[in-house]
Amino acid sequence: MRTKSTRGGERGAALVEFSIAALVFLTSAFAVIEFGRLLWTHNALTDAARRGARYAVTHGPGAGEEAKRMAVYATTADGANSPVVQGLKSTNVTVTHSGNFNVGAGTVTVKIENFDFNFVVPLLGTTLRMPSYTSTLTAESAGTLP
């Protein structure tokens with residue numbers, strides 16, 4: 001005698017329902033993770049431009065390369081080789097001193113551009129070109145002591 005554990009025509013329905021629900025859940029979860037990484041990268045690049053500008057404005061026009069290192073590695077030490085944001089290079093950073101740069105005169109602009117954000121999820125395995133991040137500050141001490 002055969003017992004009916006499932007209704008006729010419903011065999012495998014749970015598997016199909018689970019597949020649909022899992023697809024929606026995992027897609028949402030990976031989307032949240034990728035958006036979080038993108039937001040973190042945006043904030044880190046903004047902070048890197050600010051950090052480089054602060055360094056450049058307090059150390060004068062001769063500190064352009066050091067300001068780039070400060071923006072990329074968060075330090076000016078020569079041994080630093082791990083950037084704050086993965087994929088950020090000193091070639092992405094430009095430091096510009098404008099005007100008669102002196103105490104209270106002129107500005108420094110640090111710009112991070114042409115940075116590509118790489119998605120981790122294989123389905124979105126592409127890159128996204130981030131916008132330019134610019135920070136401009138007015139000269140304060142210009143490296144001179146009071």
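The values are calculated or read from the model by the stated rules, or taken from the named source; none is laboratory data. These numbers come from a predicted model, not from an experiment. Positions of Cβ are backbone-derived with ideal geometry, glycine not excepted, and every protein chain shown enters the neighbour counts. Remember, those area values only see protein heavy atoms, side chains included, never the ligands or the DNA or RNA. Shrake-Rupley method; radii C 1.70, N 1.55, O 1.52, S 1.80 Å.
Identify, from the list Thr91, Thr75, Thr27, the residue that is under 22 Å from the mean Cα position of the chain (by Cα), open to solvent by 50 Å² or more (accessible area, probe 1.4 Å) and either on the phi > 0 side of the Ramachandran plot or not aliphatic (A, V, I, L, M) (or both). Steps first, please.
Values: Thr75 fails: open to solvent by 50 Å² or more (accessible area, probe 1.4 Å); Thr27 fails: under 22 Å from the mean Cα position of the chain (by Cα).
Only one candidate qualifies: Thr91.
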Given the conditions (1) in contact (Cβ under 8 Å) with a residue 24 or more places away in the chain; (2) under 22 Å from Pro131 (Cα atoms); (3) out of contact with any Gly (no Cβ under 9 Å at 6 or more places or on another chain), every one holds for Gly104 apart from (2)
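Can you name every residue in segment 58-72 that is touching a helix residue (DSSP H, G or I) at 6+ places or on another chain (Cβ under 9 Å), more than 18 Å from Glu113 (Cβ to Cβ) and open to solvent by less than 80 Å² (accessible area, probe 1.4 Å)?
Residues of segment 58-72 touching a helix residue (DSSP H, G or I) at 6+ places or on another chain (Cβ under 9 Å): 59, 63-72.
Filter again for more than 18 Å from Glu113 (Cβ to Cβ), leaving 59, 63, 66.
Ala63 - this is the single residue of segment 58-72 that is touching a helix residue (DSSP H, G or I) at 6+ places or on another chain (Cβ under 9 Å), more than 18 Å from Glu113 (Cβ to Cβ) and open to solvent by less than 80 Å² (accessible area, probe 1.4 Å).
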Name the pairs: first residue in segment 40-54 and touching a residue at least 60 places away in the same chain (Cβ under 8 Å), second residue in a helix (DSSP H, G or I) and open to solvent by 10 Å² or more (accessible area, probe 1.4 Å), Cβ to Cβ under 7 Å, at least 6 apart or on different chains? Gly52/Lys68; Gly52/Met70
Matching residues in segment 119-136 - criterion: being at pLDDT 90 or above and either open to solvent by 40 Å² or more (accessible area, probe 1.4 Å) or over 21 Å from the mean Cα position of the chain (by Cα) (or both): Arg129, Pro131, Ser132, Thr134, Thr136
For segment 40-54, the count of residues that are within 15 Å of Thr138 (Cβ to Cβ) and open to solvent by less than 40 Å² (accessible area, probe 1.4 Å) equals 1
